Structure formats: C-alpha cells, structure tokens
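The values are calculated or read from the model by the stated rules, or taken from the named source; none is laboratory data. Keep in mind it's a predicted model, so treat the numbers as computed, not measured. Glycine gets a Cβ as well: all are built from the backbone with ideal geometry, and neighbour counts include every protein chain shown. Each accessible area value is taken on the protein alone, full model and side chains, heavy atoms only, with ligands, DNA and RNA left out. Shrake-Rupley method; radii C 1.70, N 1.55, O 1.52, S 1.80 Å.
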Amino acid sequence: MSSLTLGEIVKHLNQRIAEGAFPLSTPAAVSGDESLVITGLASLSQAGPTQLSFLANSQYRGQLQTTGAGAMILTEADREAFVGSAIVVSDPYYVFAQLTHLFDPFNAVEVGIHPTAVVSPHATIGENVSIGPFVVIEDHAQIGDGAVLISSVHIGRDSVIGNKCWLGHGVTIHHGCILGQRTRIHAGAVIGAEGFGFATAEGRWHRIVQLGRVVIGDDVRIGANTTIDRGALDDTIIADGVIIDNQVQIAHNVKIGAHTALAAGTGVAGSTTIGSHCILGGLVGVAGHLEITDRVHITAMSMITRSIKESGSYSSGSAFEKTADWRKSAVRVRHLGEMAAQIKGLQLALERLELQLGNQ
C-alpha cells in the first residue's frame, strides 16, 4: 500500500468495525483534513509530514508539540493537544497495530503455484492460494483458501492448513498436523516433529513412536525456529489466539490455553497444561506433567517445578548485582543449611534461658 488519504484510512477502519473485525467501542473519525495523503507509519520522534503516528499514553502528550508527524491517531481527550489533523478513536494503540497491516509493503503476494513447487495430485488446494518456490505438499494434505506458503515450505501428508494461513521460509509441518484459520508461522519453525519419547531397557534407550498430532487453533502466531512436538498418543494442542515467540520448545502432549503468550527461549516439558491468558517471559523453563491455571504471569528466566493453582505473578531466581557482591551472596547461599542449624540451636538455647529465668 503506497499511500492513502486520512479519509480512506478511516473508511477502511469503520468498514472493519462494522464487520465485527475490530472490537472498537466507537467508529473512527477524521478531525482535520480528510484529503491529507499518508505514505506510511512512524514513531512520534521519527515521523515526517506525510506519516501517521499515534499516542497511546496521555503522560507523553507533551511530545505532540514537537513531533513532525503529518497526522496522529488520538483519543478525543488528547485531540486538543495536537494542532494537526488526526484520526480520533477509542484505542489508538490497537488502531495503529491494525494499520501496520494496511501499510505493510510486503503484504501483497502473487496467487498461484510456482513452477518449482512439488504438489501431490492427491492434495487439495483451495482458492486464491500462493505456493512459492520449492514448496512440497504431500499426499492428502489440504491447503485452505487464501493460504500463503512463501518458499521451501514442507507440508506432510494428511495435514490440514486452514484458510488464510501464512507460512514463512522453510517452515515444516509434519504429517497429520492441523492448523486453524489465519495462523502465521515464521521461518524455520517445525510443527509435529517427534517428541522426546524413549524407553530404557538393559541400559539402552529405545525409541517410542509418537502417534499423536499437533492441533493448532485460529489466529495463532508462531515465531522463527520454534519447535512444537507431536503428541505421544494424545495430541499436542495450541488453542486459539496463542502467540509464541522465536526459539521456543514445546514438548509432546503439552496443552496451551487460548490467548496465552510465550516469549523467546521458553521451554515447556512434556504433558504440561498451561491455561488461558497466561504470559511466560523469556527463557522460562516449565517442568513436565504440571498444571498452570489461567491468567498466570511468569517472569523471565524463572524455573517452574510445581503446578500453579492460583492466578497471579510468579518468579524464581535472583536479581543481578555487582559481581563481587554476587560472589559473597553465593557463598552465603551454600552455607544456608549450617546457618539454619545454628539459628535453631540459638533459639533452643534462648528458650532454655528464658525458662530458667522464669523459674527464679
């Protein structure tokens, strides 16, 4: 999208609101020049005269006096602080997020099947699909309407790719996995590889065939080089609206509830269930066979070794400090057992002394 007027942008927003796609409480409105041409989006500090920016937090209202933006996305309460034209909405940050799709220069794709793609004659291909170079689609796979497979994507047999899914460079979807509608998976992600399942006998590891699938809901986002293993017997399940960052590992039989977010480097061990609307910070580790309830926030680099039954924020580990101080603290931690025994001994001695004094 090269350029749009403010009036065209607002028309697009209100059409999407009317369709129920944007959950805004009131329609968008232009305040100022509807014919002002907008060529892109930018931050308050970097925006130029043909760019649109936004103010999501009123405490930064003073920056409206210095920004070079040609127009702003604002609430009615902040409108009076900006002298230029504006789009007035109830939630500026959400509207800005939606307009990034409209102004994405790489949003357009060419519908059709690239001549280097290998598509099984037994696969089902929907309408208006874009299948890029060196894509492989195996027998009985189903590709939904409007799906985009950028390049070198591999779709295993009997897999189902929902309508309007977007799969980036080198994504692998193993056999039998299911993706809901509008799911977006970035480069190098692997969905449905074998879980880490082995039995031991006579001191050796013996592979257990993983017979389950990965089932992913609608509107899920999966980051680059993330891996989600198929279930051993039951399915690994990622519910609607989950967002998963880059380089996350999700093991077999894990279940993640709707609209939960996992930040980069997080690892979830097998057969753990995570509720809905949870947030796991970067590099969080979750042990296997646990249950985490809804609306739990786990801060970065925490290690979760027990189930969490109550919503709220949880942390583990220690905050950073100067190296010299950290070394002193580490020494003290190693002696905590001895210190606890000494304190208990002092407590008993104090109790005996108080008893003696009381008997005098």
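Applying the condition of being β-branched (Val, Ile, Thr) and in contact with a helix residue (DSSP H, G or I) (Cβ under 8 Å, 6 or more places away or on another chain) to segment 4-30 and asking which residue is surrounded by the most Cβ atoms within 10 Å (Cβ to Cβ) yields Ile9. Just one of (1) in contact (Cβ under 8 Å) with a residue 40 or more places away in the chain; (2) in contact with a His (Cβ under 6 Å, 6 or more places away or on another chain); (3) not acidic (Asp, Glu) fails for Leu102. It is (2). Close contacts from segment 187-215, counting a first residue that is on the phi > 0 side of the Ramachandran plot and a second that is open to solvent by 50 Å² or more (accessible area, probe 1.4 Å), with Cβ to Cβ under 6 Å and a gap of 6+ residues or different chains, come to Gly188/Asn225; Gly192/His174. Of the residues making up segment 36-58, those that are within 25 Å of the chain's Cα centre (by Cα), more than 14 Å from Gly70 (Cβ to Cβ) and open to solvent by 50 Å² or more (accessible area, probe 1.4 Å) number 2. Can you tell me how many residues within segment 139-162 are assigned to a loop (DSSP other than H, G, I, E, B) and surrounded by fewer than 19 Cβ atoms within 10 Å (Cβ to Cβ)? Residues meeting the conditions: 6. Filtering segment 287-307 to residues that are part of a strand (DSSP E or B), under 18 Å from the mean Cα position of the chain (by Cα), over 10 Å from Thr273 (Cβ atoms) and among the hydrophobic types (A, V, I, L, M, F, W, C) leaves Val296, Ile298.
For segment 27-46, the set of residues classified as over 20 Å from Asp91 (Cα atoms), aliphatic (A, V, I, L, M) and in a loop (DSSP other than H, G, I, E, B) consists of Leu36 only. When Gly223, Gly288, Gly231 are checked against the criterion of being at pLDDT 95 or above, open to solvent by 10 Å² or more (accessible area, probe 1.4 Å) and small (Gly, Ala, Ser), Gly288 stands alone in meeting it.
Considering only segment 48-73, how many residues are more than 17 Å from Lys11 (Cβ to Cβ), hydrophobic (A, V, I, L, M, F, W, C) and in contact with a helix residue (DSSP H, G or I) (Cβ under 6 Å, 6 or more places away or on another chain)?
Looking only at that region, the number is 4.
Close contacts from segment 328-346, counting a first residue that is closer than 17 Å to Ser318 by Cβ and part of a helix (DSSP H, G or I) and a second that is open to solvent by 80 Å² or more (accessible area, probe 1.4 Å) and of a type in the set (S, T, N, Q), with Cβ to Cβ under 9 Å and a gap of 6+ residues or different chains, come to Ser329/Ser318; Val333/Ser318.
Of these, Leu13, Leu24, which one is in contact (Cβ under 8 Å) with a residue 40 or more places away in the chain and either more than 27 Å from the chain's Cα centre (by Cα) or assigned to a loop (DSSP other than H, G, I, E, B) (or both)? Step through it out loud before you land on a result.
Numbers: Leu13 fails: either more than 27 Å from the chain's Cα centre (by Cα) or assigned to a loop (DSSP other than H, G, I, E, B) (or both).
Being in contact (Cβ under 8 Å) with a residue 40 or more places away in the chain and either more than 27 Å from the chain's Cα centre (by Cα) or assigned to a loop (DSSP other than H, G, I, E, B) (or both) holds for just one of Leu13, Leu24, which is Leu24.
Looking at segment 48-67 only, could you name the residues that are under 22 Å from Ser90 (Cα atoms), part of a loop (DSSP other than H, G, I, E, B) and in contact (Cβ under 8 Å) with a residue 12 or more places away in the chain? Once the filter is applied, which keeps residues that are under 22 Å from Ser90 (Cα atoms), part of a loop (DSSP other than H, G, I, E, B) and in contact (Cβ under 8 Å) with a residue 12 or more places away in the chain, segment 48-67 yields Leu55, Ala56, Thr67.
Against the condition without any contact (Cβ under 8 Å) to a residue 60 or more places away in the chain and in a strand (DSSP E or B), how does Thr116 come out, does it pass? Taking the combined requirement at face value, the residue does not satisfy it.
Here Gly203, Gly197 are screened, and the one residue that is of a type outside the set (Lys, Arg), open to solvent by 50 Å² or more (accessible area, probe 1.4 Å) and farther than 29 Å from Ser151 by Cα is Gly203.
The condition of being open to solvent by less than 80 Å² (accessible area, probe 1.4 Å), out of contact with any strand residue (DSSP E or B) (no Cβ under 9 Å at 6 or more places or on another chain) and within 21 Å of Asn14 (Cβ to Cβ) holds for only one of Asp104, Asp78, Asp33, that being Asp104.
Please find, within segment 81-101, the residue that is surrounded by the most Cβ atoms within 10 Å (Cβ to Cβ) out of those that are aromatic (Phe, Trp, Tyr) and assigned to a helix (DSSP H, G or I). For segment 81-101, the residue satisfying everything is Phe96.
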